[in-house]
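Student: Handing you this structure, nothing more for now.
We did not get these values from a lab; they are worked out from the coordinates using the rules stated. Keep in mind that what you see is a predicted model, and the values were worked out from it rather than measured. Every residue, glycine as well, gets a Cβ built from its backbone with ideal geometry; the counts of neighbours run over all protein chains shown.
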Amino acid sequence: MVKYDTWFISRSHIKYALNSDTRFIMKKIILAIFSCFFLFNYGYAARPHISLLETSYLMKPTGRYGIGFKDYHWINHQICPDFNFNGKNQDDFSAENTKHCHEIMARVYYPIDEKPSLGSNYYEPEIRAVQDGLLKQYPNIPVDQVNQLSELQSYAVSQKEISQDKTFPMILFSPGFGLPAQVYENFITELVSHGYVVIGINSPFINLVELPNKHVVEPAYVDSNTIKQFVQLQRSDLLYVYQQVYTNQSIDSIFSKIDLSHVGAFGHSIGGLTISSVGHDAQNWLSAGLTFDIGMDSSGASRKSFNIPFMHQIASTRKDVESPAPIFELGDNNYLVGIAPSDNDRHYSTHTSFTDLSTIQSTPVFKTIKEYLNLRIANGFDLKFLSHKPTQSEIEQYQNITYVLYIENDVWRLALYENKQYVKNITIGWVPTLEECLNNLPHKKPEDLSENDINPVKEIMISLHKTLNQLLGEGDGWEITESINENLLQFFDTFLKNNENTNFQTCQPLKTNTYFKCGPGIVDLGAYQP
């Protein structure tokens, strides 16, 4: 049994096998994180009932304004049909959209003359998806804790008049694949409370989208080819929304209060790729851009320097989920912020830390899940090396969590077993350092490998096991969210409102749990070793 008190935990070597840019919908985050595991034998501790109505599980905005919102539905008749239309999914388009053109659901968040307060239900389509998935997959999860998620409250309220005291800079937001903009309210509401209009842009088939008729469009299947198409689609959505605001300023009470001479944009994951793409050639209307843990980009174009002020915020795991580690080229007024206390930290924050789940993990159901995952980490695992795929008689001996590395058709495979059952295969390509390490093993039968031979593999598997069982990294979710917000707000205040910030001039981090890099210069994440 491999345990953590006997083995050095090396850096996290896993790509986003679970929190990947291609599976990023909150319900799928949750289900994917636990798809390897069985919860059925875990003894859940009884907890007193806590009403989520009485406690905020989102970060309270710190600005003077309250937050209003209004939903907009647009049909882009320049994209007909949407490339996701397959002739059989008519229900995923509005009834009036007979040509199956591309649709956009945007939520516009704007300042109101009230103090920020909890006032409406959190985005219900996402909550329902999470609840359904948890209850179907894990029947032993306490039902009352799952049901409590329906009580989550948002700081944004509808049907309120926008503040009339001045005009406000506009910030466009492009969410990650599978997630609606509404699950980034920790960051959006903070900006709005300080005097910004933020437009969250949701695209059917890319994000989880509820159409005006209440039909929910699920994200489409995605691979490396469709990712490029989705980036182009999100890019066209940003330009389309900008044009809608520009065209309708004289007739829309919210748009009329937007200052289009000061426009910013930010995005998460694939949305970050989109913002980078726009940032390189939209300098005539875009004043500043920012990304949250930008998605993988084999071309490296999204990491090139920008002629406009630009900031990348990255998770501490980012340097290990790409092989080779990404290199960022920073120009003047370009910045890289790592959400970790040091360059060498590998486990403090994750891709998912840039969503509301970073604080929602404090709810009872997620505390229950985290307790279970922490127990799995503490209990360790067994590691087997075989020259063949495990037989049924061998599987029946795997009572503990067991990773089996075996050879099939002259190729190494990795499978997970538990409670004498096969759970799933894990693609070794997701763990590039593991693949390299296996290829460098001595030319022996796997069963004949010595303890000394397999020690490097054990180090990697320990880190992999830890990563698979960590929901959102080791850092405190509230502190992580606060740091992300501080950098987000100060960046846009500096470059959209012309507020002076000496940290940007002296290249000093704004928070102690972050590290800060400034351009001009090159930042090679692969250069930082534990």
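Student: Compute the long axis of helix 224-247 from its Cα atoms, compare it with the longest principal axis of the Cα atoms of the chain, and write down the angle in degrees, 0 to 90, nearest 10.
Tutor: The angle comes out at about 20 degrees.
Student: Return the ratio Rg/(2.2 N^0.38 Å) for region 216-320, where Rg is computed over Cα atoms only.
Tutor: Dividing the Cα radius of gyration by 2.2 N^0.38 Å gives 1.18.
Student: Right, another one. Using the alpha-carbon centroid of each, what span in Å lies between region 390-437 and region 251-327?
Tutor: Measuring centre to centre over Cα atoms gives 38 Å.
Student: If you don't mind, there's one more thing I want to ask. Over the chain, what is the relative contact order in whole percent, taking alpha-carbon pairs under 8 Å and six or more residues apart?
Tutor: That works out to 18 percent.
Student: Continuing with the same structure: Quick one, what does Rg over Rh come out to for the chain if you take C-alpha atoms and the Kirkwood Rh?
Tutor: Ratio of gyration radius to Kirkwood radius for the chain: 0.98.
Student: Here is a further query. Hull surface divided by four, with the convex hull built on the Cα atoms of region 380-465: how many nm²?
Tutor: For region 380-465, averaging the hull's shadow over all directions gives 5.3 nm².
Student: Let me ask something additional. Using Cα pairs under 8 angstrom and six or more residues apart, how large is the relative contact order of region 373-469, in percent?
Tutor: Computed value for region 373-469: 24 percent relative contact order.
Student: Order these by the 10 Å Cβ neighbour count, fewest first: Ser393, Ser193.
Tutor: Listed from fewest to most nearby Cβ atoms, that is Ser393, Ser193.
Student: Calculated from DSSP H runs of 4 or more alone, at -39500 (n - 2.57) each and per residue, what is the 222 nm mean residue ellipticity of the chain, nearest 500?
Tutor: About -8500 deg cm²/dmol.
Student: Distance in nm between label sites at Asn344 and Glu436, each 7 Å beyond Cα in the beta-carbon direction?
Tutor: Placing both labels 7 Å beyond Cα along the Cβ direction yields 1.9 nm.
Student: Residue separation times 0.36 nm, minus the C-alpha to C-alpha distance between Asn400 and Asn452: what's the value?
Tutor: Stretched fully, the Asn400-Asn452 segment lengthens by 16.4 nm.
Student: Next up: Restricting to the chain, what percent of DSSP beta bridges are antiparallel, rounded to 5?
Tutor: That works out to approximately 55 percent antiparallel.
Student: Stretched out fully, how many nm does the piece from Asp165 to Glu114 gain, at 0.36 nm a residue minus the Cα gap?
Tutor: Residue separation times 0.36 nm, minus the Cα-Cα distance, leaves 17.1 nm.
Student: Once region 162-251 is represented by equal point scatterers at the alpha-carbon sites, with solvent omitted, what log10 I(q)/I(0) does the Debye formula produce at q = 0.12, 0.19 Å⁻¹?
Tutor: Those come out to -0.44, -1.00, one per q.
Student: Can I ask one more? Neighbouring Cβ atoms within 10 Å as the yardstick, rank Lys384, Lys99, Lys319, Lys136 fewest first.
Tutor: Ascending number of Cβ neighbours within 10 Å: Lys136, Lys99, Lys384, Lys319.
Student: Now, a different point. If N is the number of residues in region 79-167, what value comes out of its Cα radius of gyration divided by 2.2 N^0.38 Å?
Tutor: In units of the 2.2 N^0.38 Å rule of thumb, it is 1.57.
Student: Taking neighbour counts of Cβ atoms within 10 Å as a proxy for exposure, in what order, fewest first, do Lys389, Lys445 appear?
Tutor: Result, fewest neighbours first: Lys445, Lys389.
Student: Under 1.5 on a/c is rounded, so check that first for region 381-530, then, if it is not, pick prolate when a/b is larger than b/c and oblate when it is not; a ≥ b ≥ c are the square roots of the alpha carbon gyration tensor eigenvalues.
Tutor: Judged from the Cα gyration tensor, region 381-530 comes out prolate (a/c at least 1.5, a/b above b/c).
Student: P(r) of region 266-420 in 5 Å steps, Cα pairs, percent per bin?
Tutor: Percent of Cα pairs in each bin: 2, 8, 13, 13, 12, 12, 11, 11, 9, 5, 3, 1, 0, 0.
Student: Quick one: pull the percentage of alpha-carbon pairs in region 452-503 with a separation above 13 Å.
Tutor: The calculated P(r) of region 452-503 puts 71 percent of pairs beyond 13 Å.
Student: Which percent, nearest 5, of DSSP beta bridges in region 373-469 are antiparallel?
Tutor: Around 70 percent of the beta bridges assigned by DSSP in region 373-469 are antiparallel ones.
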